[in-house]
Amino acid sequence: MTDRDVRLVFTKYDGSLHWHQTMRYLGEDMHGSWLGMPGGATAQRGSEPPVRFDQPMVQLVPAGQWWTAVFNDAPADVDVYCDISTPPRWVHDGEVTMVDLDLDVIRRRDGRLLLDDQDEFAEHQVRYGYPAEVIRQAEQAAAWLLAAVGANAEPFGLAYQAWLDKVR
């Protein structure tokens, strides 16, 4: 079903609410489900005040993968932001949820690539008691994303542009 709002909900491993927002369902392709937000939309971390995003963005929710990805329109400094997470789970047509596992793969608009929040990942392994399999999957997803995003492999090359066009 297209033309619907979808609640995107990240929690932490203990179940506490992390980033959450309502986005528009745009459709699916070989990479997964695509959600979008026009410029001026907001997202919220936990119960903190909402954060406004000036540029349009699209969110890729790939089935069965240990990550999700956000693609920001120019002139945002970050063009690709990947969250390492548990595989997304569709609660129903209007909500998808996943557990944020701290690590982030970020590509800046100038091409710089980084793996962020390694310290938080190490800290939360202890605090939340991440099982060995969760740690292994998170590390494998981060390594794969660093290579794929760095090489502009799809969907990190041009594939997301058509979806971004839908929310510009």
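Side notes on the structure shown:
- The convex hull of the Cα atoms of the chain, projected and averaged over all directions, covers 9.3 nm².
- Across segment 37-50, rounded Karplus estimates of 3J(HN,Hα) from the backbone phi angles (6.51 cos²θ - 1.76 cosθ + 1.60, θ = phi - 60°) give 9, x, x, x, 6, 10, 9, 9, 9, x, 9, 5, x, x Hz, Gly and Pro being marked x.
- Relative contact order of segment 5-162, taken over Cα pairs closer than 8 Å and 6 or more residues apart, is 17 percent.
- Qualifying trypsin sites (Lys or Arg not before Pro) in segment 1-65, where qualification requires a DSSP coil assignment and no more than 13 other C-beta atoms within 10 Å, comprise ARG4.
- Segment 59-120 shape via C-alpha gyration tensor axes, a/c threshold 1.5: oblate
- Helix-derived mean residue ellipticity, 222 nm - over the chain, DSSP H n ≥ 4, -39500 (n - 2.57), to 500: -6500 deg cm²/dmol
- Fewest-first ranking of SER16, SER47, SER33, SER85, using other Cβ atoms within 10 Å as the exposure measure: SER47, SER16, SER33, SER85
- Here the 3J(HN,Hα) profile of segment 141-157, calculated from phi with Karplus coefficients 6.51, -1.76 and 1.60 at θ = phi - 60°, is 5, 5, 5, 4, 5, 4, 5, 5, 5, x, 8, 6, 5, 5, x, 8, x Hz, Gly and Pro shown as x.
Bear in mind that the values in this text are calculations on the coordinates, not laboratory data. Quick caveat, the model's predicted, so the values are computed rather than measured. Cβ coordinates were reconstructed from backbone atoms using ideal geometry, including for glycine residues, and neighbour counts include every protein chain displayed.
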